[in-house]
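Structure first, then comments.
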Amino acid sequence: MTELERKLKAKIPGPDTGIEVRRTLCDICSPGMHCGIGAYVKDGRVIKIEGLDGHPSNDGRLCTKGLQNRQYIYREDRIKTPLRRVGKRGEGRFEPISWEEAYKEIADGLNAAKEKYGAESVAFYAGYSKWYRQTLRRFAYAFGTPNYGAESSSCYTAAFMAWKVAAGDQGGPDMGNSDLFLGWAFNPFYSSYMAGRHAMALKEKGLKFLIVDTRRTPASEKLADLFLQPRTGTDGALAHAIANVLIQKGWIDRPYLDKYVYGFPEYAAYVAGFNESNIEELTGVPYHQVEAAARLIHENPRMSCNESSAPLCHHRNGMQNYRAVMALLALTGNFDRTGGQKLTPHSYMHVCCGFESREEDYNYETKPQGVKDPVGGPRFPLWNYTEGEMQAMDLPRQILEGTPYPMRALMGLGLNAKMFPNTPRMYQALEALDFFVDVDLFLTKTAKYADIVLPACSSFERGEFKPYPNGTAWYTSPAIAPLGEAKSDTDILTELARYMDLPDETLKKGYDYFIQTYILDGLGVTIDQLKQAELPIPIAPPQAYTDRQELDKGLKTPTGKFELKSAVIEQHPEWGLDALPTYREPLDEADPKAYPFTLTSGSRIPGALHSRLHEVPMGRALRPEPTADMNQGDCLRLGVCEGDTIVISTLRGAVTVKVHPTQSVPAGLVNLYHGYPEANVNDLMDEDHLDPYSGFPAYRSTRCAIAKAEKEG
C-alpha cells in the first residue's frame, strides 16, 4: 500500500488526498444544541464527520444522534427534485417537475382556498428542523392567515407558557453557583449530553442533586443524593407535598414571599391538602422521602432547577405540574438570585444568547388584525392569549369537522404526522384537504399525502446564522453542494413570496436581511464577519447581574411579581381554568380494570429523535426493533421474557412489539419510543386527551392493556 493509499484509507485531509475539512453544524436536535461538526469532504461528498474542537456547544464531541449525520443526509429516500403527486394521497406516486412549475401549482392551490374560503382556511406548519420558523410565520401573515403553527404545539411551549404566567418570561438555572440542583426529569445523558458532563463535574465539586423521575436513569444512578420516583403524571402532587412540608416547617423565605410573590396565602392553603395522609397513594412516593426532599432543600439554600418540558408537560395536567415545580423556587427565595433561577429572556429561536434582538418585531409586526382566532384558539384560550398562534393539536379536528370555520389547504415544512396523537386521524385529515404541500429532506409517509413535495437542504448543504447562550455566534457555510435540486427552507419561502408577490417587502428581501436588520442590529457585527469566522465569535459582552434585579424592576406579569396565583387566569373566569397550580388525576377515562397499565411514549433513547433516525442504519442498530420497556415483575406475572412479543392496546387501537424487562421502569408503566413505521405508539394515543391549559397531548399517561402475543403457526 502506498503512502497516498494509506492516507486515503485513514481519511487524512490534504492536497494530495483531495480531502477537506469543512465546518458546519448538526441540526438533528434543534435549536438547543446545534453542535459544531467537522465534515471531511472528498469529491463533493461527506466521507467522515467528527465534533468540532473549540465549539461552545460540544468542543469536539458528538452524541449518538449527531454521529449519524453522514448516514442521515444520504438516506435513500432523500428528495432531490420538486415532485407532483400522480397517484392517490398516501400512495407515494409522484413525477418530477421544475421549481417554476412547483411554485405555480403552490400559488394556485393556496390562492384557490383563499379565494373560496378566506385566508384563514390556509395553515402553515413548521416541523423539523426549526431554523426557518420566523420566515414561515412572516410568510403566513403576509398571506393573510392567523394560522401559523409548529411542532412546538406539543414540545416546549407549555413550559414557556408556565414561565410567562408565573414570571412573564423564562428562567434558567444558575447551576454552577448552586448548593442544590433539583433535576426534575433531568436526563442529560440521553438528551443535551454536554449538560451531563457539566453536572458530573459540578458533583465532584460538591453540588448536591435531588433527582425526580418516573424511571431510573443514568442521572438518578450517577448524580442523585436523593432520588424520588413518582408515578407518571403525578409530579404536581409531589411538588405540592414538598411545598407543604417546607411551609409547615417554616423552611421558606417569608420576607421574599411578602415582597415579591403574589398568591402565597391561597397557595399555602391549597397545598396543605397534600400530606402524609394521601401522598403515597397519589404518587407512589413514601412520605418520608417527601420530608427528606424538603430537608435537603432547606439544608442547601441556593437551589436551581431543571423542569424538563416534555416529561412534565405531556399530560392533561402538564402545565399545572410544571407550575407546581416552579413554585418551589418562589417558596425558597430562589427565583432571581445567584445560584438559583435567573430570568433568561430569549434572544433568538427560544434560546437566551445574552443579547437583545428584534426577533419579536419581525415575527409579529405584520400579524393580520381583525381576523378569526387561529386553530385551537377557542378550545385553548390560555394558549391563544399567551402564544396567539395555531395550536396544531386541534388542526386535524378542524380539518375534518370544518368548525368553527373550514381548513382547506396546508403548507408544511418538515410536517410529521407521527407526532400527532391518534396518528391515523391526522392522515385522514391530510387526505381530506383540497391542497397540501410539504417541504422535507425525505419522502416520509406524511410527504406521500402531499400534492406537491419540495426538496429541502440539510444543514450540511446550506448556511445558517446560529447564536449560543454565552454571547457568541457564527454563520455557517455549506459543506457540500445541495443534493440534486434541493434548496434551503428560507430560500424556498423567499422565492415563493416573490413569485406570489405577497405584500411584505421585508420578507422578500430574504433571510440574511432579517438576520442583519432584526437580530444583529446594534451589536456592531455583520453577517459577512460571522461567515468568515471558523468558530462562533463573541458578539455580546457578559452582562452584570445583581440579585433580585428583575423582581425589583417588576416582572412582566399583571402584578409585577412572581405569581403563584395567576392574575391573568384569575381575570378570565370564562376560561374555566384554575389560577392556582391545582392538581388533577393524569390518566384518561378508560376502565382501569380493562386497561391496568400506563403507557408512555417519548422517553428519550440514545439513538433516536422522533422518527427522523429510524431509517438511518446506525440509529436502527442501537434498537433494531420497536421495543417496550416493562418492569421485570410485571413481565414475570405476564409470562414474558426478553425479546418476547407483546400486544399493547388502548381505546384507540393496538401495536405488537418486542418486550425488554428492566428495573429502570416501575411496576405498571410501559415505555415505548414513538415513530417506528412498523409500530408507532402515537397511533394509540387519544387525540382528545389534551391539557386544557396548553393543548398538549398526554403522550405519557394513557391507560393500556398488555397481552402476550400468540405465536404464529
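Put simply, of A293, A330, A324 the only residue that is buried (at least 21 other Cβ atoms within 10 Å of the Cβ), under 18 Å from G233 (Cα atoms) and modelled with pLDDT of 95 or more is A324. Being of a type in the set (D, E, K, R) and under 22 Å from Y156 (Cα atoms) is true for just one of K466, K448. Which residue is that? Every option except K466 fails the conditions.
Pairs, please: C-beta under 6 Å, at least 6 apart or cross-chain, first residue under 30 Å from V41 (Cα atoms) and acidic (D, E) and in segment 71-91, second at pLDDT 95 or above and part of a loop (DSSP other than H, G, I, E, B)? Listed pairs, sorted by first residue: D77/L443. Residues that are assigned to a loop (DSSP other than H, G, I, E, B), within 13 Å of R22 (Cα to Cα) and open to solvent by less than 20 Å² (accessible area, probe 1.4 Å) within segment 38-81 comprise just one, L52.
Counting only residues that are small (G, A, S) and part of a helix (DSSP H, G or I), which one in segment 219-239 is surrounded by the most Cβ atoms within 10 Å (Cβ to Cβ)?
In this case the residue turns out to be A239.
Taking every residue in segment 1-19 that is farther than 16 Å from R45 by Cα and pairing it with any residue that is part of a helix (DSSP H, G or I) and of a type in the set (A, V, I, L, M), at least 6 positions away or on another chain, the pairs with Cβ-Cβ distances below 7 Å are D16/L4. Of all the residues that make up segment 207-221, how many are over 18 Å from M175 (Cβ atoms) and in contact with a Pro (Cβ under 9 Å, 6 or more places away or on another chain)? Final tally of qualifying residues: 3.
Only helices (runs of 4 or more DSSP H) whose full extent lies in segment 484-575 are considered here, and the ones with at least 2 residues that are in contact (Cβ under 8 Å) with a residue 12 or more places away in the chain and open to solvent by 50 Å² or more (accessible area, probe 1.4 Å) are 489-500. Counting only helices (runs of 4 or more DSSP H) wholly contained in segment 349-414, the ones carrying 2 or more residues that are hydrophobic (A, V, I, L, M, F, W, C) occupy 381-386, 395-401. Only one entry of A621, A594 meets the criterion of being without any contact (Cβ under 8 Å) to a residue 24 or more places away in the chain and not in a strand (DSSP E or B), and that entry is A621. Within segment 8-37, the set of residues being open to solvent by 60 Å² or more (accessible area, probe 1.4 Å) and not in a loop (DSSP other than H, G, I, E, B) comprises L8, K9, E20, V21, R22, R23. Restricting attention to segment 467-481, the residues being open to solvent by 10 Å² or more (accessible area, probe 1.4 Å) and within 27 Å of the chain's Cα centre (by Cα) number 6.
Identify all residues within segment 82-93 that are part of a loop (DSSP other than H, G, I, E, B), out of contact with any helix residue (DSSP H, G or I) (no Cβ under 8 Å at 6 or more places or on another chain) and open to solvent by 30 Å² or more (accessible area, probe 1.4 Å); write none if there are none. Matches in segment 82-93: V86, K88, R93.
Taking the criterion of being open to solvent by less than 20 Å² (accessible area, probe 1.4 Å), closer than 26 Å to K342 by Cα and in a loop (DSSP other than H, G, I, E, B), the residues of segment 132-168 that qualify are S154, G168.
The values are calculated or read from the model by the stated rules, or taken from the named source; none is laboratory data. Source: prediction; values computed, not measured. Backbone-built Cβ (ideal geometry, glycine too); neighbour counts: all protein chains shown. Side chains included, ligands, DNA and RNA excluded: accessible areas come from the protein's heavy atoms. Shrake-Rupley method; radii C 1.70, N 1.55, O 1.52, S 1.80 Å.
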